[in-house]
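Student: Quick one: structure below, then a few questions.
The values are calculated or read from the model by the stated rules, or taken from the named source; none is laboratory data. Not measured: the values here are computed from a predicted model. Reconstructed Cβ throughout: ideal geometry from the backbone, glycine too, with neighbour counts over all protein chains shown.
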Amino acid sequence: MSNNSYNKELLQSFLNYLQFEKRSSKHTVTSYSNDVVHFVNYIDEVLLTEVHEKLIRNWIVDLSKQGITARSINRKIVALRSFYSFLQKSEQTEKNPAAHITALKTAKRLPVFVEENQMDMLYEDVSFDTDFAGLRNKLIIALLYETGMRRAELLGLHTHSFDFENRQVKVLGKRNKERIIPLLPELTHYVQQYVKEREKYAAGHTFFFITDKGKPAYEGMIYRIVKKYLSAVTTIDKKSPHVLRHSCATHLLNNGADLQNIKEILGHANLSATQIYTHNSLEKIKEIYRNSHPRNTKNK
């Protein structure tokens, strides 16, 4: 067996492990696959089991010279470290050459979000079609914004995920961790409306969101819907489902929600991941302070 063939076999074993044993998300499997394949192409004929730390460091330097961002490089390092950890556990190599590779320093990037008044405009002034697609699209926006769920969690919803009596929805988050998110009364009404219409189109599956032809919805479709409607109310560069998640968290915090409760709603593993939203709220406080303090208003 050639070195390239053996490397491909090791990679496939790793991907099978992620998909079937760790039950990682489709996004994670694809991302890790792309990152490890990138490294495999770099080392060419070198066996993955014979890679040493210096070769990985050379790869990182090469990535930097290509203009790859530190954040993207760090993601590749994590993927490679996970790959070699798998090889160690499966006794296909003794050492993890990526174990001591440290992450590159990155500038802290604050979450991008839509302003509250812009979300009000989206709900009140933007027209959605009155057909099934319009009802579905409006519900996609509302669920992402009002529950803060991730795109993958939205796509993973089934008809049985909703509890109308208790106004809540069960989602399957990262690491297959389930959580319950409450639903506001109006959102519950939207869901019930959609369920009735969905029955006319869906066929042979229980996935909650469907295409116009009744097939399960997919990532690109959700992204396009969100981008279309956010473009009607905001000029921010990034218009993705995750921006609605950021908007949900930021608006909750701005309106007095407890950080620990926001953590539970978003499904963060630890509070530090949620605390980044305090920076957005701090900017809001600064703005209010500048616009409201009498010493500043008198000097305008």
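Student: Looking at Glu9, Glu21, Glu50, Glu45 in this structure, which one is modelled with pLDDT under 90 and among the charged types (D, E, K, R)?
Tutor: Glu45
Student: Within the range 221-232, is there a residue that is polar (S, T, N, Q), more than 17 Å from the chain's Cα centre (by Cα), surrounded by fewer than 19 Cβ atoms within 10 Å (Cβ to Cβ) and at pLDDT 95 or above?
Tutor: yes
Student: Let me ask you something else. Looking at (1) closer than 26 Å to Gly267 by Cα; (2) surrounded by fewer than 17 Cβ atoms within 10 Å (Cβ to Cβ); (3) free of Cβ contacts under 8 Å to residues at least 60 places away in the same chain, can you tell me which one Glu116 breaks?
Tutor: Unmet condition: (3).
Student: Kindly establish whether Asp62 is surrounded by fewer than 13 Cβ atoms within 10 Å (Cβ to Cβ), assigned to a helix (DSSP H, G or I) and at pLDDT 95 or above.
Tutor: yes
Student: Still on this structure, I have one more. If I filter the range 166-173 for residues that are modelled with pLDDT of 95 or more, part of a loop (DSSP other than H, G, I, E, B) and either touching a strand residue (DSSP E or B) at 6+ places or on another chain (Cβ under 8 Å) or more than 30 Å from Tyr17 (Cβ to Cβ) (or both), do I get at least one hit?
Tutor: yes
Student: When the residues of the range 76-103 are filtered to those that are within 16 Å of His38 (Cβ to Cβ), hydrophobic (A, V, I, L, M, F, W, C) and free of Cβ contacts under 8 Å to residues at least 60 places away in the same chain, which remaining residue is surrounded by the fewest Cβ atoms within 10 Å (Cβ to Cβ)?
Tutor: Val78
Student: Look through the range 209-236, keep the residues that are assigned to a loop (DSSP other than H, G, I, E, B) and free of Cβ contacts under 8 Å to residues at least 24 places away in the same chain, and return whichever of them is nearest to Gln275 (Cα to Cα).
Tutor: First pass over the range 209-236, keeping only residues assigned to a loop (DSSP other than H, G, I, E, B): 209, 211-215, 217-218, 231-236.
Next, from what is left, pick out any that are free of Cβ contacts under 8 Å to residues at least 24 places away in the same chain: 211, 213-215, 231, 235.
Details: Thr211: 36, Lys213: 41, Gly214: 40, Lys215: 38, Ser231: 28, Thr235: 26 Å.
Taking the candidates together, the pick is Thr235.
Student: What number of residues within the range 163-181 are farther than 21 Å from Thr28 by Cβ and touching a residue at least 40 places away in the same chain (Cβ under 8 Å)?
Tutor: Selection size over the range 163-181: 1.
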